[in-house]
Amino acid sequence: MFLWLPPCRLLFHNNAADCNIDGVIGPVPMHPLPIKEIIVFLVVAGVLVPVLARLRLNPVLAFLLIGVLIGPYGLAGFPGMPAAFSAIALTEVGQVRVLGEFGIVFLLFLIGIELSPTRLIAMRRLIFGLGSAQVLLCGTVIGLIAWGWGNEPDAAFVLGACLALSSTAVVMKIVTDRGHFASPSGQASFAILLFQDLAIVPMMFLLAFAGHESAVAGQEASFLLVLAKAAGAILAVLLVGHWLARPLLRLAAGGQGAHEHFMACMLLLLLLAAVATEYAGLGMALGAFLAGLVFAETEFRNQIEIDMEPFRGLFMGLFFMSVGMTVDVSLVVGNIFWLAASVVGLFALKAALITGLCLAFGLALPVAARIGITLGQAGEFALIIVGMALHAKILTDEVAQFMALMTCLTLTLTPAAYWLGEYCERILQKRSRLSAEDALAAASRDVSGHVVIAGFGRTGQAVARMLEENQISYLALDIDAPALDALRQRGKPVFFGDAGNPQALQKVRADKARAVVLALDNKDAARRAIATVRRFCPQVMIYARAHDESHADSLKRHGVSAVVLEIEGVSQYLARRVIEDMSA
């Protein structure tokens, strides 16, 4: 069995002779399937990473560190190591890197498919306001510093752009695992990271274009011809995908063996889009992103996300492992002072800039400081951008290697930075004159398109967990005052109040919500809440639980949109109904 993948635009691959500079794939030698690399990776993904996860090590960091250990510069290269260790060491970094590049393809695809217009509109102030300001300010300041250190203007621009980005993979994994997605800091961090994901696409486009131009230098291809070719590929993917994606997916989804046929059709369309942009010299990742945008318009969006989620984790793990394999430990030791100074300087600079921007957008100081410290690292896409800039001959090998090492170190330190951000938030909150509820109200003033949970007992908290896992924001109401402080310390956006009180509904911005979930045990309290919500927020969907059929009929007569009977797993059913409607 043989496997061949396009070798162009790989991380730190800078051999123009190996690339197809005309954008046309010609006959190339076939390479044997890298069985050893695949087996080692599956051992890492299926055995070692779960073991490290029990030690509370982030999976992304686990892949990165294991890649360092088993790579050509890792333990196998040290004298006195057992011969058995050499058997599992991977010295062919290129083969792992080729497979790892597909992790980026699938990640961009999922980013595209998750870009819900509803979500973008609901969080537009934070995404396009705070997010764009963060990328521009941090990129400009870091770029000017890089230029001041003697880098060429184009190299300084690239360094500023890539180091302005933070790590969506690591930060959101920690935020979701800790149940902090719905907190003010979690929502603002998500908005900034979402805009950074959007900004990656034009960055990759420009660098791929720069790499193509450098490759065709001295030939007859003109700037306008190359630009027209790129624009044609993008329009072809969007237009053809718009007309073909839905009917083809519907055809594949019907009949016997529908799931297998559906997966095959979806992967076919994804790879065709990726190959189209690869031929145009723009890289496969851009085509995957465009395919995600096309699929996001279909009714199959949720199913595709579910089917692709395990692949995203595996391919991203492979990418991070391949990055770790490129880290030369001896270079880290030889540049330990400058690396340490750069890592500390980057965290400090980005923390100060992001904190200031969050304050300017009305967030309280404790929340702003936590966000700034949490997002102080360089992100995984910095590695891709640095590699593309090296291929385009914008960065030198020395600068690219140093930036990769610094990025890996900042990623490794991200869990510690997250803990430090939490600690600073608690300290500043104690010294702040604002009460916890006032700080939460200030941070929630621009929230819209969210879910309101009335009653934050066991059922309400179970619903909240599922909403957080699906990255849907919510605000909650509860009248159990002693429990509120503990919930807020855990990052839960819970206000004191009764859903039957109009002032309480104003606190949670129910008039801007898409849904209200009634998780109340008391029937009379539920009826009052329904009447108040229907009077002040007639357009909002109301979901509620019912004790029996007669109770369900009564709730529907009072204006509840959907009722779930109290059977085993009621909270899961209730949350699933909300999530399906929110994602539509």
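The values are calculated or read from the model by the stated rules, or taken from the named source; none is laboratory data. Owing to the predicted nature of the structure, the values given are computational and were not obtained by experimental measurement. Counting neighbours? That spans all protein chains shown, and the Cβs are built from the backbone with ideal geometry, glycine included.
Figures for the structure shown
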read-out: Total residues in the range 544-554, condition over 13 Å from VAL517 (Cα atoms) and of a type in the set (A, V, I, L, M); value: 1
read-out: Matching option when the condition is in a helix (DSSP H, G or I) and in contact (Cβ under 8 Å) with a residue 60 or more places away in the chain, among LEU395, LEU409; value: LEU409
read-out: Matching residues, the range 460-487, being over 28 Å from the mean Cα position of the chain (by Cα) and more than 19 Å from LEU505 (Cα to Cα); value: PRO482, ALA483, ASP485, ALA486
read-out: Check on LEU375, out of contact with any Phe, Trp or Tyr (no Cβ under 6 Å at 6 or more places or on another chain) and in contact (Cβ under 8 Å) with a residue 12 or more places away in the chain; value: yes
read-out: Index of the failed condition, ALA462 passing every other in (1) on the phi < 0 side of the Ramachandran plot; (2) in contact with a Phe, Trp or Tyr (Cβ under 7 Å, 6 or more places away or on another chain); (3) not aromatic (Phe, Trp, Tyr); value: (2)
read-out: Of all residues making up the range 139-172, the number that are within 14 Å of MET203 (Cα to Cα) and acidic (Asp, Glu); value: 1
read-out: Flag if PHE381 is in contact (Cβ under 8 Å) with a residue 40 or more places away in the chain, part of a helix (DSSP H, G or I), closer than 19 Å to LEU136 by Cα and among the aromatic types (Phe, Trp, Tyr); value: yes
read-out: Looking only at the range 298-327, and only at residues there that are of a type in the set (Asp, Glu) and at pLDDT 75 or above, the one that is nearest to ILE373 (Cα to Cα); value: GLU305
read-out: Qualifying residue in the range 122-135 (condition: assigned to a helix (DSSP H, G or I), more than 15 Å from VAL386 (Cβ to Cβ) and among the charged types (D, E, K, R)); value: yes
read-out: Within the range 90-118, tally of residues that are at pLDDT below 70, in a helix (DSSP H, G or I) and under 30 Å from LEU357 (Cα atoms); value: 2
read-out: Residue check for LYS393: in contact with a Ser or Thr (Cβ under 7 Å, 6 or more places away or on another chain) and surrounded by fewer than 19 Cβ atoms within 10 Å (Cβ to Cβ); value: yes
read-out: Some residue of the range 430-446 being of a type in the set (S, T, N, Q) and either buried (at least 18 other Cβ atoms within 10 Å of the Cβ) or in contact with a helix residue (DSSP H, G or I) (Cβ under 7 Å, 6 or more places away or on another chain) (or both); value: yes
read-out: Residue satisfying condition, being modelled with pLDDT under 65 and in the same structural domain as ALA378 (by TED's automatic domain parsing), within set ALA16, ALA62, ALA87, ALA45; value: ALA87
read-out: The range 274-329, residues that are more than 26 Å from ILE38 (Cβ to Cβ) and of a type in the set (Lys, Arg); value: ARG301
